[in-house]
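Note sheet for the following structure.
Here, each number is a calculation from the coordinates, and none is a lab measurement. Owing to the predicted nature of the structure, the values given are computational and were not obtained by experimental measurement. Note that each Cβ is placed from the backbone with ideal geometry, even for glycine, and that neighbours are counted across all protein chains shown.
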Amino acid sequence: MSTTTPSIFAPVSTPAFAIRELAFVVLGITAVIFIIVAGLAVYALIRFRRPRTDDGREPPQVYGSRQIEQAWTVVPLLIVVVLFLVTARYIYALEARSQPAAALEIAIVGHQWWWEIRYPKLGIVTANELHVPVSDPANPTPTFITLQSADVIHSFWIPQLAGKMDVIPNKTNRVWVDPKRVGTYVGQCAEYCGLQHAGMLLTTTVHSTEDFARWVAAQQTPATNDAHVREGRELFSSLACVNCHTVRGTTANGVFGPDLTHVMSRSTIGAGVIANTPDTLRAWVDDPSSLKPGALMPAMKLSRNELDKVTAYLLTLR
Ligand code: CUA
């Protein structure tokens, strides 16, 4: 399961490879500093330990040395300048990458406490589970992502794919990834954004080209319209659900909460806080804060019978 370890030391995408390289450069420089400082400290401890023939007198004391002061000012300054220039070079190289025609475009909006994910050119809207194609170096299909916030500052971070990028209200930030290997990569909001900051996961599935095309086709189909859940669908349409949620092809067109057109294609509820099963879905509709304290969706105050019907309807949204 090493592919799912959210570690910057297991990169699978160009920006993440660059960050690991930079991390090794910084670790190398700081390791040399550590060895010198710790080595001198150990040397001084041994060399100048209290002699057996201690006569109680202090050794000669040294006050002020221009050379030493200059050295410990200039050398750290040079080290910081080198670290700054190396880092700036990496940042520039990543930001200079222009968007090729074959790139997939995604718009992500951070909310308290979930991620809205839009594929504007594909007509897909989903939440919390990002799906992108693998980018074969012979035929690169990178993904270019714009980041916006609906409320407070969040931070987009999928350690194996790219560095952190702040998600700021009234500003559009950009990040790109070109995953070289299919798999599932865990991401997380990386900027404290309120009570459920920790409950704001962003799992990324990198698909083969064919699998990604299949996923796109499935997401593009309108919501199912099963006759056997007609009652649940009508109930859903008559409730406040439709003010916040969209189910494509129905009158539900709210945008405050996640799009539910294919809610059952997602493996978790509440941005990764709990597995998406019939039981948890029902519990969520009943009272979201029982699963995710602070969640902005209110308890729907439905009777058990109504709860069963609405849940049965939602379960058909595959
Ligand atoms: Cu969103 Cu922390």
Exercise. Mind checking Rg over Rh on region 34-83, alpha carbons, Kirkwood formula for Rh?
Worked result: 1.13
Seminar exercise, completed: Length gained, ALA88-VAL255, 0.36 nm per residue minus C-alpha separation, equals 56.3 nm
Problem set entry | Furthest towards positive pole of dipole, GLY257, VAL25, TYR92, structure part the chain, Cβ charges | VAL25
For this session: For the chain, just list the percent of Cα-Cα distances falling in each 10 Å bin from zero outward, please.
Result: 5, 21, 26, 18, 11, 8, 6, 4, 2, 0
Problem set entry | Share of alpha-carbon pairs per 5 Å distance bin for region 109-201, given as whole % | 3, 14, 23, 26, 20, 9, 4, 1, 0
Seminar exercise, completed: At R0 = 30 Å the Cβ-Cβ FRET efficiency linking SER290 and SER238, nearest 0.05, sits at 0.80
Exercise. Taking the mean number of other Cβ atoms within 10 Å as a proxy for protection, how do you rank 227-236, 129-138 from highest to lowest?
Worked result: 129-138, 227-236
Problem set entry | Whole-angstrom Cα spans of region 1-156 along principal axes, big to small | 85, 34, 30
For this session: Working from the alpha-carbon coordinates of region 227-314, get Rg over Rh, Rh being the Kirkwood radius.
Result: 0.92
